[in-house]
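These notes concern the structure reproduced below.
The values are calculated or read from the model by the stated rules, or taken from the named source; none is laboratory data. No experiment lies behind these values; they were computed from the predicted model shown. Please note: Cβ atoms are built from the backbone with ideal geometry, for glycine as well, and neighbour counts cover all protein chains shown.
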Amino acid sequence: MMASMMSVVNPGDKVVIFSPFYENYGADTILSGAQPIYVPLVPPAFDFDAELLEDAFRQGAKALILCNPSNPCGKVFTYDELKIIADLAIKYDAYVITDEVYEHIVYAPNKHIYMASLPGMRERTIVCNSLSKTYSITGWRLGYVIANPQVIDRVKKVHDFLTVGAAAPLMEAAVTGLKFGDDYYEGLAAHYTHMKELFCGGLKNLGFTFTEPQGAYYVLMDVSEFGVKDDVKFCEWMTEHVGVAAVPGSSFFREDVHNLIRFHFAKKDETLNAALDNLATLRAKADGFKE
């Protein structure tokens, strides 16, 4: 992602980022010398306002970062939403840098659509992908970029100075995964669907408010009922007194959002069930939370 950013963005350029966002996007933009322009995805459906998005492009954006499916909110962008983004990218001559690491972790009836497949977007889409999530090898730090030849030539040069390269034995081993057939990806989707249904079903049974993820393996839960004003302190308190860890939602938002926390449900059944058992005590213990 950083190599791609530095290949098409110059100091002083502007980059559109949907909020909430994976923390690296803002940092990558700033480290590239560019200025982020944040466009909100509005809870609970995390839709965007097309007019606000065009306003961002009007400011001279050189690129837009698109995480699809989204970390942290689990949104899978529809074709119509992607078409709006694509039309604006073409109109304002901007690149779309996509983060599609959760491409195979999508829950029916939602469908992942590649931005590069839309009319006019093949040449102006820079696909950043990873083997980490699809093949459960996050520690290997392996990924790839797909773009037009001119962009790839620049990415290769920048990447050489950023990291030189990944470990050769790991790259050789990873080729095995790339040769897997469709049955692997179908099984992967079914596996994550089971975990999502177990955990989100448990949250629903407990009466908590959350946004059902359409993809990826995160869920944002609303903790407004507990009067939370500082989600960082709430997550620290919950870890210690309830026995369940979450990430403060404010770490993903540019806006002043402190009522959401993010859970990660890519865990064994026994771990998820234990977490739900502990969360069942949250309301009874919440009076002990002091900000």
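Report yes if some residue within region 233-242 is under 23 Å from the mean Cα position of the chain (by Cα), outside the structural domain of Val39 (by the TED database) and in a loop (DSSP other than H, G, I, E, B); otherwise report no.
No.
Identify, please: which residue in region 201-231 is among the aliphatic types (A, V, I, L, M) and closer than 11 Å to Arg262 by Cα and is, among those, farthest from the chain's Cα centre (by Cα)?
Val223
Counting only residues that are surrounded by 11 or more Cβ atoms within 10 Å (Cβ to Cβ) and either under 19 Å from Thr134 (Cα atoms) or not hydroxyl-bearing (Ser, Thr, Tyr) (or both), how many does region 163-180 have?
Going through region 163-180 one residue at a time, the tally reaches 8.
Kindly provide the set of residues from region 158-181 that are closer than 23 Å to Val8 by Cα, without any contact (Cβ under 8 Å) to a residue 12 or more places away in the chain and not in a loop (DSSP other than H, G, I, E, B), ordered by number.
Once the filter is applied, which keeps residues that are closer than 23 Å to Val8 by Cα, without any contact (Cβ under 8 Å) to a residue 12 or more places away in the chain and not in a loop (DSSP other than H, G, I, E, B), region 158-181 yields Asp160, Phe161.
Does Gly249 satisfy the condition of being surrounded by 14 or more Cβ atoms within 10 Å (Cβ to Cβ), in contact with a Leu (Cβ under 6 Å, 6 or more places away or on another chain), under 24 Å from Tyr22 (Cα atoms) and in the same structural domain as Ala190 (by the TED database)?
yes
Are any of the residues in region 53-74 touching a Gly at 6+ places or on another chain (Cβ under 8 Å), basic (Lys, Arg) and not assigned by the TED database to the domain that holds Ile261?
No, region 53-74 contains no residue that is touching a Gly at 6+ places or on another chain (Cβ under 8 Å), basic (Lys, Arg) and not assigned by the TED database to the domain that holds Ile261.
Any chance you could count how many residues in region 65-103 are over 27 Å from Ile261 (Cβ atoms) and out of contact with any Asp or Glu (no Cβ under 8 Å at 6 or more places or on another chain)?
The number of residues fulfilling the criteria is 17.
Quick one: is Tyr184 closer than 24 Å to Gln214 by Cα and in contact with a strand residue (DSSP E or B) (Cβ under 8 Å, 6 or more places away or on another chain)?
Answer is no for this residue.
Tally time: how many residues in region 72-84 are farther than 17 Å from Thr125 by Cα and either of a type in the set (A, V, I, L, M, F, W, C) or in contact with a strand residue (DSSP E or B) (Cβ under 6 Å, 6 or more places away or on another chain) (or both)?
Result for region 72-84: 4.
Just checking, which of Tyr184, Tyr114, Tyr135 is among the hydroxyl-bearing types (Ser, Thr, Tyr), buried (at least 16 other Cβ atoms within 10 Å of the Cβ), more than 28 Å from Met221 (Cβ to Cβ) and free of Cβ contacts under 8 Å to residues at least 24 places away in the same chain?
Tyr114
So for region 131-141 (the condition being closer than 22 Å to Ile17 by Cα and either part of a helix (DSSP H, G or I) or of a type in the set (A, V, I, L, M, F, W, C) (or both)), does at least one residue qualify?
No.
Tell me which residues, restricted to region 205-225, are part of a helix (DSSP H, G or I) and either β-branched (Val, Ile, Thr) or closer than 25 Å to Phe21 by Cα (or both).
The answer is Ser224, Glu225.
Just the residues that are under 30 Å from Phe265 (Cα atoms) and without any contact (Cβ under 8 Å) to a residue 24 or more places away in the chain, please, taken from region 48-77.
Correct list: Asp49 only.
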